[in-house]
Amino acid sequence: MNLLTLAEKSMLTAAQAAAIWGYPTRLEKMAIDENRSLWATYTPDYQAGPPLRQSITADLAIIGGGFTGVSTAYHFSRRYPEKKVVLLEAKSLANGASGRNGGMMLNWVYGVEHPTPETIKGIYEATSGAIAMILDIIREHQLAVSYRQDGCLEVKTTPESAEAAHAETEMLNQLGIPVQYLDTAALRGKIELDNVYGAMFDPSEGQLNGAQFIRALRPVLVEQGVEIYEQTPVLKVKEGAEVVLTTPQGEVKAKAIVLATNGYTGKLGYFRKAIFPLHSHVFATAPLSAEQQAALGWHSAAAYADDVNRISYSSRTPEGHIVFGGGSNASYDYRFNNGTAYPNRIDRAVQAMQQTMAGYLPKSQQVPIAHRWTGTLAISFRRNCSVGVMGENRNVYYGLGYSGHGVVMANLAGKVITDIYSGDDEQWRGLPFYQASFAPIPLEPFRWMGYQLFTRLTGRSPRLG
Ligand SMILES: Cc1cc2nc3c(=O)[nH]c(=O)nc-3n(C[C@H](O)[C@H](O)[C@H](O)COP(=O)(O)OP(=O)(O)OC[C@H]3O[C@@H](n4cnc5c(N)ncnc54)[C@H](O)[C@@H]3O)c2cc1C
């Protein structure tokens, strides 16, 4: 379906549509120009703290201020109030994927091959427990964070995949996992999507404003004794019984470190063969009123994702923004040599994504875009993630490779890392993310060529979900 057909179908000019759905405001236009995510616009007063300007020592030094780094700082400093924890962030907390994602708070991890029923149950318990933990943290510290937990949908785009989802739901129910199968009639009560034949609904899932969550946690971490240095990129890691981290104006000597740099980790010389950074684009509408959401066809669901190779997903914030990502090759971008500077092909990406969205919600084509941004996420060859410890001195901890499921898993990573450090990690052993190995991806230039050939010849994207 092309743009013209959609415009004709809606019988509205762009100006008429904007008058009905609202024009982007001046502030929203600024956010678009600055590649600022919708989530970050809800932290307008946040200022990055000062950089490290001296040589210091630490028991644990965490590199990266996203969900992985901040959750590690949170759990570790609670478990060990007497130990010195330092967090070093290249730019500002939540600058990476954690503050730039699609907001979907999802169960499961990807890349699990031939799981046993115990593994399936174990993963669900781990991730649904992590969702509960995120919400407990928000409540315990009374953080001003937008979230919703009214369930996400995995929608099925063929009769065959809908039938398979129905059977899968029954299997999961037998394991005590409370997902529901919705046929098209039941689905329409939550959201009216075209071209969909059924859906799996998980009532425990939802949506989170990651930038708000991380930035609201900053004072809690400081209160727990964590030293946070923003605008402090780690330039070099020298391993040893004491690990030395070099930064532009200072140095940290730490007994242990955490690589919490996800898509950027290769730049530090780690996981270069395992992880490649993929840029991904997202857009969002201005807040829509309940009537506007209903006119669009969106009723009670927090979010949906589809089952197509070029996965697309959409979520709705408590403020009424509709967020949309994926759905086209143009919405993903891999740059030569693991480059992570934001590519500027966002116009093409957003146009393609709007068409995909309109295939599900035809009226969405009329709704002006008020926010759009790009984020970098880490993909592994098998789409699996890993949380563990490595190095000759067993003092280099890490958590990465979450693909499109890091909102929950990266928040769990900090707990898992703290448990591994404590030797209290029984409950995680045997789960697919615990100390998982990664399949090697060819190095450059073969990696870049392989990505281009695969996406251009097959028209497919590396699936993120
Ligand atoms: C567009 C997009 C949409 C997504 N949608 C979803 C979704 O809907 N649901 C879901 O579950 N997951 C989603 N994800 C994935 C999820 O956001 C990530 O898996 C998760 O945020 C990873 O968290 P992290 O802390 O490991 O990494 P990041 O959030 O990327 O944090 C890494 C941090 O390290 C810093 N850093 C990098 N290098 C250095 C250095 N040398 N020194 C110091 N600091 C450094 C960076 O500035 C950054 O702040 C999405 C990701 C993207 C990009």
Those helices of the chain passing the 27 Å axial Cα length cut-off and the mean Kyte-Doolittle cut-off of 0.0 (DSSP H runs only) are 117-140
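Please state the shape class of segment 46-88: rounded when a/c is under 1.5, otherwise prolate if a/b exceeds b/c and oblate if not, all from the C-alpha gyration tensor. Walk me through the numbers before you get to the answer.
Working: a/c = 2.06, a/b = 1.16, b/c = 1.77.
Oblate, because a/c is 1.5 or more while a/b does not exceed b/c.
Given a Förster distance of 35 Å, report the FRET efficiency between residue 141 and residue 422 from their Cβ-Cβ distance, rounded to the nearest 0.05.
Working: r = 22 Å, r/R0 = 0.64.
The value I calculate is 0.95.
Apply the a/c threshold of 1.5 to the C-alpha gyration tensor of the chain and tell me whether it is rounded, prolate or oblate.
Prolate shape, in that a/c is at least 1.5 and a/b is the bigger ratio.
Within 10 Å of each residue's Cβ, count the other Cβ atoms and sort 89, 154, 192, 426 from fewest upward. Before the final figure, lay out the partial values.
Details: 89 29, 154 23, 192 18, 426 8.
Fewest-to-most ranking of 89, 154, 192, 426: 426, 192, 154, 89.
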Rounded to the nearest 5, what % of the DSSP beta bridges within the chain are antiparallel ones? 70 percent
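Tell me whether segment 317-465 comes out rounded, prolate or oblate; compute the Cα gyration tensor, take square roots of the eigenvalues as a ≥ b ≥ c, and use a/c under 1.5 as the rounded threshold.
Values: a/c = 2.63, a/b = 1.57, b/c = 1.68.
Oblate.
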Of the residues 406, 340, 321, the Cα lying farthest along the dipole of segment 272-424 towards its positive end, which is defined by charges on the beta carbon of Lys, Arg, Asp and Glu, belongs to 340
What is the magnitude of the charge dipole of the chain about its Cα centre, with +1 placed on the Cβ of each Lys and Arg, -1 on the Cβ of each Asp and Glu, and no other charges, expressed in debye to the nearest 20? 1340 debye
FRET E, pair residue 222, residue 347, Förster distance 35 Å, beta-carbon r, rounded to 0.05: 0.30
Can you compute the label reach from residue 300? Point 7 Å from Cα along the Cβ direction, backbone N cut-off under 20 Å, restricted to segment 141-173. 147-156
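Where nothing but the Cβ of Lys and Arg (+1) and of Asp and Glu (-1) is charged, how large is the charge dipole of segment 61-132 around its Cα centre, in debye to the nearest 20?
Dipole about the Cα centre, nearest 20: 340 debye.
Ranking request for peptides 344-350, 440-446, 196-202: highest mean number of other beta-carbon atoms within 10 Å first, then the rest in descending order. Provide the component values of the computation, followed by the final result.
Values: 344-350: 16.6, 440-446: 12.6, 196-202: 22.7.
Listed from highest to lowest mean packing, they are 196-202, 344-350, 440-446.
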Expressed in nanometres to one decimal, the distance between label points 7 Å along Cα→Cβ at residue 186 and residue 59 is 4.9 nm
Would you be so kind as to identify which of 359, 369, 276 lies farthest towards the positive end of the dipole of segment 263-389, taking Lys and Arg as +1 and Asp and Glu as -1 on Cβ and the Cα centre as origin? 276
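Which order results if 429, 383 are arranged by neighbouring Cβ count within 10 Å, fewest first?
On the way: 429 10, 383 20.
Least crowded to most crowded, the residues run 429, 383.
Want the number for residue 291 to residue 121: 0.36 nm per residue separation, take away the alpha-carbon distance, what's left? Working shown, then result.
Working: separation 170, 0.36 × 170 = 61.20 nm, distance 3.94 nm.
Additional length available on full extension: 57.3 nm.
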Take the alpha-carbon centre of segment 326-385, take the same for segment 196-246, and report the distance between them in whole Å. 23 Å
Within a 10 angstrom radius of the beta carbon, how do 373, 428, 39 rank from fewest other beta carbons to most? 428, 373, 39
Could you calculate the contour length gain from residue 34 to residue 246, that is, 0.36 nm times the residue separation minus the distance between their Cα atoms, to one decimal place in nm? 73.4 nm
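Bear in mind these aren't lab numbers, they're just calculated from the coordinates by the rules spelled out. As the structure is a computational prediction, the values presented were derived from the model and not from experiment. Glycine gets a Cβ as well: all are built from the backbone with ideal geometry, and neighbour counts include every protein chain shown.
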